[in-house]
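Some notes on the structure that comes next.
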Amino acid sequence: MSDADATADQGGDDDPRTHLPADLDAVRDALVSWYEDDHRSFPWRETTDAYEILVSEVMSQQTQLGRVETAWHEFLDRWPTVHDLAAAERGDVVGFWTGHSLGYNNRARYLHEAAEQVVAEYDGSFPAEPDELEELMGVGPYTANAVASFAFDNGNAVVDTNVERVLYRAFDVPDDDEAFAVVAGALMPAGESRVWNNAMMELGGVACEKTPSCDEAGCPWRTWCHAYESGDFTAPDVPTQPEFEGSRRQMRGRVVKALSNHDELALDALGPKVRVDYTPEGEHGREWLRDLVADLADDGLAALDERDGEPVARLR
Ligand code: SF4
């Protein structure tokens, strides 16, 4: 049992960690495998250079990632190392920032000043601790943690609105800053902040968006996800049910899609294609599915027959 599991087991009823599934390692492995299998490629994900990562973090605070990519490459062509940036004229750095529409000029000033600090105080080698990184000009707790994670694999769990949305939906974590922080921390595998924070951000960015794409994105947490089971996809930043995802409508769509690839399917063969948690006798089992197919039959879209005493569904 991991430390986090042990701690969660010791928590009382009001400990937010009790919202986490018992088998945390399976939850972690599922997310990391999903991320490693396929993810959006950003150049700053391919480097562990703290300077390059800091530049990407500061640029992306106010600018869309697509535009950051071009600016990031050009910035690093011009000032390839922290020494180069520290030796630059501040006016040139600010001019670059303005020329690339990267938002407040102060960020460029602070970045330049931070580079001077790293050269003067750390001989050009970034510190690896979030607390020390936070001492750099313009570097707040979020950026310090991001640099510590992605450059040194030495950060804490990132908690931003995307992560909160995922935790709220997946594990029914109460909408409370402290609860989110505690659960995010307990969930992160110790010492693996680089891959973990990237994977969580990817999950919030391409699967568990405000309108989630649970199946389309192959979300690895469908087995455990509270929202996926209940069909309620509201979240702290999504106060009303996202439009397309009324659960029943979504499930009907899945049935039609699954049946479109077959002449007919026994309900128990169809079930797992509709819900990953399908078990014939379960809450979302044969009876539930029969009801759903009957609805589609009423609408003239599907038919429910018997074959050797077993219910089978097909499209009309
Ligand atoms: S199953 Fe859907 S709602 Fe649940 S975590 Fe995954 S993407 Fe979010």
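Which one of Tyr51, Tyr35 is part of a helix (DSSP H, G or I), of a type in the set (Ser, Thr, Tyr), open to solvent by less than 20 Å² (accessible area, probe 1.4 Å) and over 22 Å from Gly99 (Cβ atoms)? Write out each step before concluding.
Details: Tyr51 fails: over 22 Å from Gly99 (Cβ atoms).
Exactly one of Tyr51, Tyr35 is part of a helix (DSSP H, G or I), of a type in the set (Ser, Thr, Tyr), open to solvent by less than 20 Å² (accessible area, probe 1.4 Å) and over 22 Å from Gly99 (Cβ atoms), namely Tyr35.
Checking the condition in contact (Cβ under 8 Å) with a residue 12 or more places away in the chain, away from the ligand (no atom under 16 Å from the Cβ), over 29 Å from the mean Cα position of the chain (by Cα) and part of a loop (DSSP other than H, G, I, E, B), which residue from Pro311, Pro280 passes? Please lay out each step first, then the result.
Working: Pro311 fails: part of a loop (DSSP other than H, G, I, E, B).
Going through Pro311, Pro280 in turn, just one is in contact (Cβ under 8 Å) with a residue 12 or more places away in the chain, away from the ligand (no atom under 16 Å from the Cβ), over 29 Å from the mean Cα position of the chain (by Cα) and part of a loop (DSSP other than H, G, I, E, B): Pro280.
What are the residue pairs meeting all of these: first residue in region 201-218, first residue touching a residue at least 24 places away in the same chain (Cβ under 8 Å) and within 8 Å of the ligand (Cβ to nearest atom), second residue open to solvent by less than 40 Å² (accessible area, probe 1.4 Å) and of a type in the set (Val, Ile, Thr), Cβ atoms under 8 Å, and 6 or more apart or on different chains?
Leu203/Val166; Cys208/Val166
So how many residues does region 189-208 have that are buried (at least 20 other Cβ atoms within 10 Å of the Cβ) and either outside any helix (DSSP H, G or I) or touching a strand residue (DSSP E or B) at 6+ places or on another chain (Cβ under 9 Å) (or both)?
1
Among Ala170, Ala181, which is assigned to a helix (DSSP H, G or I), under 17 Å from the mean Cα position of the chain (by Cα) and surrounded by fewer than 19 Cβ atoms within 10 Å (Cβ to Cβ)?
Working: Ala170 fails: surrounded by fewer than 19 Cβ atoms within 10 Å (Cβ to Cβ).
Unique residue meeting the criteria: Ala181.
How many residues are part of a loop (DSSP other than H, G, I, E, B) and open to solvent by less than 60 Å² (accessible area, probe 1.4 Å) when one looks only at region 82-117?
Keep residues of region 82-117 that are part of a loop (DSSP other than H, G, I, E, B), which gives 88-89, 100-104.
Now narrow it down to the ones that are open to solvent by less than 60 Å² (accessible area, probe 1.4 Å): 88, 100, 102-103.
Adding up the residues that qualify gives 4.
Which condition number in (1) touching a helix residue (DSSP H, G or I) at 6+ places or on another chain (Cβ under 6 Å); (2) in contact (Cβ under 8 Å) with a residue 40 or more places away in the chain; (3) within 16 Å of the ligand (Cβ to nearest atom) is the one that Val182 fails?
Looking at each condition in turn, Val182 falls short on (3).
Using beta carbons and a limit of 6 Å, which pairs, at least six apart or on different chains, have the first residue in region 124-148 and among the hydroxyl-bearing types (Ser, Thr, Tyr) and the second one in a helix (DSSP H, G or I) and surrounded by 14 or more Cβ atoms within 10 Å (Cβ to Cβ)?
Thr143/Glu57
Given the options Gly285, Gly253, name the one that is in contact with a helix residue (DSSP H, G or I) (Cβ under 8 Å, 6 or more places away or on another chain) and modelled with pLDDT of 80 or more.
Gly285
Which members of region 219-245 meet the condition of being at positive phi and near the ligand (Cβ under 9 Å from one of its atoms)? If you could, list the steps in order and put the result at the bottom.
Residues of region 219-245 at positive phi: 231.
Listed by number, the list is empty, since nothing qualifies.
Looking at (1) in a helix (DSSP H, G or I); (2) open to solvent by 10 Å² or more (accessible area, probe 1.4 Å); (3) more than 16 Å from the ligand (Cβ to nearest atom), which one does Ala148 not meet, given that it meets all the others?
(2)
Hey, among the residues in region 258-272 that are touching a residue at least 12 places away in the same chain (Cβ under 8 Å) and surrounded by fewer than 17 Cβ atoms within 10 Å (Cβ to Cβ), which one's nearest to Leu301 (Cα to Cα)? Let's see the steps before the verdict.
Kept after step one, since they are touching a residue at least 12 places away in the same chain (Cβ under 8 Å), are these residues of region 258-272: 258-260, 262-268, 270-271.
Subsequent filtering for residues that are surrounded by fewer than 17 Cβ atoms within 10 Å (Cβ to Cβ) retains 260, 262-264, 266, 268.
Values: Ser260: 11, His262: 14, Asp263: 14, Glu264: 13, Ala266: 17, Asp268: 19 Å.
Ranking the qualifying residues of region 258-272, first place goes to Ser260.
Quick grid of which residues meet (1) in the same structural domain as Leu289 (by TED's automatic domain parsing); (2) out of contact with any Gly (no Cβ under 7 Å at 6 or more places or on another chain):
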site: Ala190; (1), (2): no, yes
site: Ser193; (1), (2): no, no
site: Gly204; (1), (2): no, yes
site: Cys208; (1), (2): no, yes
site: Pro212; (1), (2): no, yes
site: Ala235; (1), (2): no, yes
site: Gly253; (1), (2): yes, yes
site: Ala258; (1), (2): yes, yes
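The values are calculated or read from the model by the stated rules, or taken from the named source; none is laboratory data. A quick note: this is a predicted structure, and the numbers were derived from the prediction, not measured. Every residue, glycine among them, receives a Cβ derived from its backbone with ideal geometry; neighbour counts consider all protein chains shown. For the accessible areas, the whole protein counts, side chains as well, though only heavy atoms, and no ligand, DNA or RNA atoms are used. Shrake-Rupley method; radii C 1.70, N 1.55, O 1.52, S 1.80 Å.
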